[in-house]
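In what follows, a single structure is set out as structure tokens and then discussed.
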Amino acid sequence: MLKFHMFLILLILIMLIQAGCGYHFGSVPYDKIYTDIKLEMFENFTNPYQPGLENRLNQAITEELMTSAYSIVSNSIIPDVSISGRIIDHSQNVLSTSPDQVPTEISLSITIHARFKYKSGRGVEHVIKSDPEPYAVVLGEKREDAEKRALSETARKILLLLSGIE
């Protein structure tokens with residue numbers, strides 16, 4: 001009987017230690033149980049500068065959040081998590097050229113440095129890069145369409161990080 005009580009006390013002690021240090025069971029840590037999100041404007045540090053890219057990124061993130069279980073909150077409500085960051089790269093690479101060296105297919109990618117600040121005070125930072133989004137100039141595809149796809153993919157990656165799927 002004494003062994004059972006010692007075992008029970010040891011088990012409870014282990015559970016208390018794990019709960020107090022942020023350890024979690026399963027794939028969702030304790031402070032990832034939230035719904036209220038505050039989205040702050042991302043800063044645009046692209047070089048060369050891409051005007052309005054921060055607005056288009058925030059719009060893509062807002063659209064993704066609106067189709068999810070998260071709620072976007074205003075400044076008057078304390079959010080479960082605040083999302084902010086910087087756009088650090090907007091790059092285009094020539095994939096193919098015509099015989100006279102005119103680009104015929106180009107890929108575009110976007111890299112951001114995202115910050116997640118939780119209500120608990122804990123902060124997490126991630127560098128997120130979209131996969132290269134190709135567009136064929138010769139077929140009349142537009143850079144703006146490739147950029148929109150890259151921004152949407154970046155927004156989806158942010159939501160995956162919010163849900164604990166990294």
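Quick check on region 60-107: of everything there that is touching a residue at least 60 places away in the same chain (Cβ under 8 Å) and of a type outside the set (Phe, Trp, Tyr), which residue is surrounded by the most Cβ atoms within 10 Å (Cβ to Cβ)?
Of all residues in region 60-107, those touching a residue at least 60 places away in the same chain (Cβ under 8 Å) come to 60-61, 63-65, 68, 70, 81, 83.
Then drop every residue that is not of a type outside the set (Phe, Trp, Tyr), which leaves 60-61, 63-65, 68, 81, 83.
Numbers: 60: 22, 61: 25, 63: 13, 64: 21, 65: 19, 68: 14, 81: 22, 83: 22.
In this case the residue turns out to be 61.
Starting from residues that are hydroxyl-bearing (Ser, Thr, Tyr) and closer than 20 Å to residue 53 by Cβ, keep the ones in region 109-166 and report whichever is nearest to the chain's Cα centre (by Cα). It would help to see each step written out before you state the result.
Residues of region 109-166 hydroxyl-bearing (Ser, Thr, Tyr): 109, 111, 118, 120, 130, 135, 152, 154, 163.
Now drop any that are not closer than 20 Å to residue 53 by Cβ, which leaves 109, 111, 130, 135, 152, 154.
Numbers: 109: 15, 111: 11, 130: 10, 135: 24, 152: 11, 154: 6 Å.
Among residues in region 109-166 that are hydroxyl-bearing (Ser, Thr, Tyr) and closer than 20 Å to residue 53 by Cβ, the one nearest to the chain's Cα centre (by Cα) is 154.
The numbers here are math on the coordinates, done by the rules we state, and not lab data. The model shown is predicted, which means the values in this text are computed figures rather than measured ones. Because the Cβ atoms are built from the backbone with ideal geometry, glycine has one as well, and the counts that use them run over all protein chains shown.
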